[in-house]
Amino acid sequence: MLVVLDNAADDEQVLPLLPPDPCQALITSRNRLDTAVALHGVRRLPVQVMTREEARELLLAVTGEAPEELIERCDRLPLALRLAAAQLELSEPPPASIDALDAGIAPFHTLRSTFDASYDRLAPEARMLFRTLGGLPCADFSRDNLAAATGLSPAETGPHLRAMLAGHLIVAAGRHRFTLHDLVKRYAAERHAEEDPDSGVYDRLADWYQRRARSAAALAIPQFLYLPAPDDPGDAFTSEEQALAWLEAEYANLLTFVENDRSAGRVRWMIVDALRGYWHLRLQFADRARLSEIGLAAARAAGDDRALAMLYSSLSEDARLRGDHRTALERAGAALEHARASRWSPYEAAALGTLGTLLLTHGRARSAADCYLQAIDVHRRVGSLRGVISNTGNLGLANFCLGAFGHAAQQLGEALRLERERNSTVGEAMALGNLGEVSLHRGELVTALEQLVRAWRIWEEMGNIHGVVAVLSVMSGVHTGLGRSGTARALAARAHDLAVVLNDNRMVADADNALAAALRRDSPEAALRLHQRALFLSRDNRHAWTRTQIGIAESLLLLGERGPARSHAEWALAEARSAGYRYLEGQALLTAGRPDTAARVLHGTAPVVRRL
């Protein structure tokens, strides 16, 4: 004999009704019936929601139609789907709420009565926690954020979460994380609105998220300068890995609090600030642009200059990545303006450095150098050695672009000395790579090779492919200068392949130009093709574009195309003069067949700055 015990409430209801052997029982329940499973041999068979195809088949069998919207609205829960099918049979519009699904159904068979039965079996404090879930915008949750919303400790929430799991009001959604089906979430939200309308749950959790996100970001991605914030009152993260794992797990919820109009303006921009490093690490630039605009609107409304400085800086970086350099410069300038208005010196220094780098890329090296000098002064004033070193190196790069190689070497050498003093391997490799390129252009090929090989070894040991690619392209140029064309070609080809993997157009262009230089004497046609490809890829960097035009002109000369060669040389000359690239101006004059003028220009190359 088979005994069917349908919709059993709990173990106490089931145990007296279990039949003796050899009879069997089939029990359905929203309760886990742990006692029956543990002590009476009952085997648990969890039933998941229907698959999309199963839900479609159910609706088609009952009504002859299966709207996708309805399947999703019912969460593919069997009872909800069957109730929805009954409404469709009556030619009603697709039900949009629990009451609409239950319309016309006997009270004890409705969806609400099913939820009520599970809810009523909870202890009072567990009911409060369940209602709290209805007031939260989170896609999923953990003990920690539920505790933060209610004021309980995480340990206190544990037994109540187990009770909700046993009653199938919540479901597991990964390690130590839970979620609710949408219909259950709506039910919880109704309960919350009726019984706890002014509980302050949302604001408490929003404040917790902005504090915890700030703590995680500062530990996991410490190289970013974040807005000042109160300490996180919760337990501190114990490692970078733990902090980063928290950001990964809570990412969707963090976005929700930025997007939700209920969030206070400060919550919105503080979460955006905390996520800047994470977006950079995970290359999630679309989210950064969208949420930074939301934060910017909130900061404007509040008139918060520090927040505006941070947000304009974030949006400047987004514009730079999109190739919109004009907007990038405008927003970097706005970031500097608001940093100064707020008297936030560390961010003023950072904004000056960012603006300098944009100006340098845009061909305004002298203005960039002025920004770097101001940044160095501010960093010294606030005691930031790291900022002094970084901007000293950048000042050297500005002098390099202007052809002031002696002063570039001095400044980059000072940056290298300071990086070694503070035991920064990354900083040492960057300074060595830049010094190697300066030495190459000064004709000090042996010195250049020593510097570049040391930088290459550091990048290789660290597994930093960007650093490796940058050094390989310059090393190729050194070997070309030493007459080792085979080695030069192999290095440039390797740099090109790695740059393609990185999807970095600037690095691909540098590698193409290096390979073209190595090929030019033996195969000017191949060199010309490489330079032409590099010209397209370097269109957003005036210094690289000017160098490439000179390379095209030199290749055309070897092919006997004097007229086109002169045109490209004149284009390079006009760009070099406009940007103040004195060394490239001299090279363009040489290629254009004006050696006397070139000699005067190269001899008269002047430094941007003589002091550090």
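The values are calculated or read from the model by the stated rules, or taken from the named source; none is laboratory data. Just so it is clear, the model here is predicted, and its values are computed rather than measured. Positions of Cβ are generated from backbone atoms using ideal geometry, with glycine treated the same way; all protein chains shown enter the neighbour counts. In case anyone asks, the SASA skips ligands and DNA or RNA and just uses the protein heavy atoms, side chains included. Shrake-Rupley method; radii C 1.70, N 1.55, O 1.52, S 1.80 Å.
Residues that are among the polar types (S, T, N, Q) and not in a helix (DSSP H, G or I) were ranked within segment 403-446; the one that is surrounded by the most Cβ atoms within 10 Å (Cβ to Cβ) is S424. Checked against the criterion of being over 39 Å from the mean Cα position of the chain (by Cα), open to solvent by 40 Å² or more (accessible area, probe 1.4 Å) and modelled with pLDDT of 90 or more, segment 524-533 contains one or more residues that satisfy it. Selection of segment 255-264 for residues being crowded, with 21+ Cβ neighbours inside 10 Å and out of contact with any Phe, Trp or Tyr (no Cβ under 7 Å at 6 or more places or on another chain) yields only V258. Restricting segment 351-369 to residues that are open to solvent by 40 Å² or more (accessible area, probe 1.4 Å) and not polar (S, T, N, Q) leaves a set whose member that is nearest to the chain's Cα centre (by Cα) is H362. Kindly check whether there is at least one residue in segment 160-167 that is within 29 Å of the chain's Cα centre (by Cα) and over 21 Å from A245 (Cα atoms). No, the conditions are met nowhere in segment 160-167.
The test for being in contact with a Phe, Trp or Tyr (Cβ under 6 Å, 6 or more places away or on another chain) and open to solvent by 30 Å² or more (accessible area, probe 1.4 Å) does not hold for L165. Against the condition in contact (Cβ under 8 Å) with a residue 12 or more places away in the chain, loosely packed, with under 15 Cβ neighbours inside 10 Å and closer than 24 Å to V37 by Cα, how does A172 come out, does it pass? For A172, the condition - in contact (Cβ under 8 Å) with a residue 12 or more places away in the chain, loosely packed, with under 15 Cβ neighbours inside 10 Å and closer than 24 Å to V37 by Cα - is not met. Of the helices (runs of 4 or more DSSP H) that lie entirely inside segment 507-604, those containing 3 or more residues that are small (G, A, S) span 524-537, 542-558, 562-579. Pairs meeting the criteria (first residue in segment 139-164 and in a loop (DSSP other than H, G, I, E, B), second residue hydrophobic (A, V, I, L, M, F, W, C), beta carbons under 7 Å, at least 6 apart or on different chains) are A139/A252; D140/A173; D140/F178; S153/A147. Considered as a group, the residues in segment 8-34 that are surrounded by fewer than 15 Cβ atoms within 10 Å (Cβ to Cβ) and within 49 Å of the chain's Cα centre (by Cα) include one that is modelled with the lowest pLDDT, and that residue is T28. Note on segment 265-308: among residues that are assigned to a helix (DSSP H, G or I), without any contact (Cβ under 8 Å) to a residue 24 or more places away in the chain and open to solvent by 50 Å² or more (accessible area, probe 1.4 Å), the one that is nearest to R212 (Cα to Cα) is R282.
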